[in-house]
């Protein structure tokens with residue numbers, strides 16, 4: 001990414017307080033922007049054509065340009081989680097919406113709703129990031145944490161966790177995609193969190209009695225990149241939407257008669273076809 005930073009970011013945009021964005025309007029149209037600045041970088045002068053999508057994403061969330069290794073690390077994680085496949089509950093929710101005739105936005109909202117939770121979802125990633133913030137690379141701290149899992153203060157919003165965040169309570173061993181992703185990402189994090197995670201994975205799994213899940217790996221990556229738990233939660237939701245979108249569109253094109261979860265349960269007495 002080759003970007004200059006000549007524009008100073010203002011704290012306000014008209015009456016909206018923001019340190020993220022600044023605009024200058026067109027001379028003949030106050031409702032259209034002539035120039036846009038993201039944390040001081042000219043979006044259509046410094047970023048467009050000079051930065052990748054993943055670099056711009058990092059800038060939006062972190063307020064600073066990523067290093068080459070940071071961008072590669074985030075991009076690798078994004079590729080790993082972009083499409084969890086039909087086994088994933090959020091993908092299945094989008095597929096249900098698509099095959100059921102819902103509009104496209106509704107299918108994505110279904111994926112967001114189901115994928116926001118604490119079993120394989122974005123809030124589990126947030127909880128796992130908080131684990132890293134509290135325990136770091138101290139094995140004793142991790143063991144103590146897993147022995148006494150912290151509970152949410154507002155149980156009306158989120159129920160108490162039923163398993164260690166970032167670990168899969170229904171698996172007996174760490175899956176091949178997770179192991180391959182961890183090995184790949186360590187190349188961009190050879191001295192940090194991911195290297196420690198790979199070296200101590202089996203020990204951590206002995207504490208939890210559960211194998212590492214993709215949510216746990218994603219949390220380690222996001223923690224290492226400096227994202228807090230809320231930023232990580234948002235990113236996890238966003239980065240998994242493309243998979244939900246394409247599966248919803250595919251099932252919509254096939255129709256409900258070819259969908260195994262509906263076709264045997266629905267019987268039409270007066271089928272026009």
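Counting other C-beta atoms within 10 Å, which of 190, 35 has the fewest, and how do the rest follow?
190, 35
What label, among (i) 15.7; (ii) 12.8; (iii) 20.2, belongs to mean projected area of the Cα convex hull in nm² computed from the structure on display?
Label of the calculated value: (iii).
To make sure I understand, if each residue's beta carbon is the centre and we count other beta carbons within 10 Å, what order do 179, 225 fall in, fewest to most?
Starting with the residue having the fewest Cβ neighbours, the order is 179, 225.
Run the numbers for residue 44 and residue 67: contour at 0.36 nm per residue of separation, minus the present Cα-Cα distance, in nm.
Stretched out fully, the residue 44 to residue 67 stretch lengthens by 6.2 nm.
By how many nm would the segment from residue 199 to residue 175 lengthen if fully extended, with 0.36 nm per residue of separation less the alpha-carbon distance?
Length gained between residue 199 and residue 175: 7.0 nm.
By count of other Cβ within 10 Å, fewest leading, how are 56, 119, 37 ordered?
Going from sparsest to densest Cβ surroundings: 119, 56, 37.
What distance in nm lies between label points placed 7 Å from Cα along the C-beta direction at residue 159 and residue 253?
3.7
So how far apart, in nm, are the two label points at residue 139 and residue 191 if each is 7 Å from Cα heading toward Cβ?
Those two pseudo-labels are separated by 2.3 nm.
Computed from the coordinates by the stated procedures, all read-outs in this text should not be read as laboratory data. Because the structure is a prediction, the values reported are computed rather than measured. All Cβ positions, even for glycine, are placed from backbone atoms using ideal geometry, and neighbour counts span all protein chains on display.
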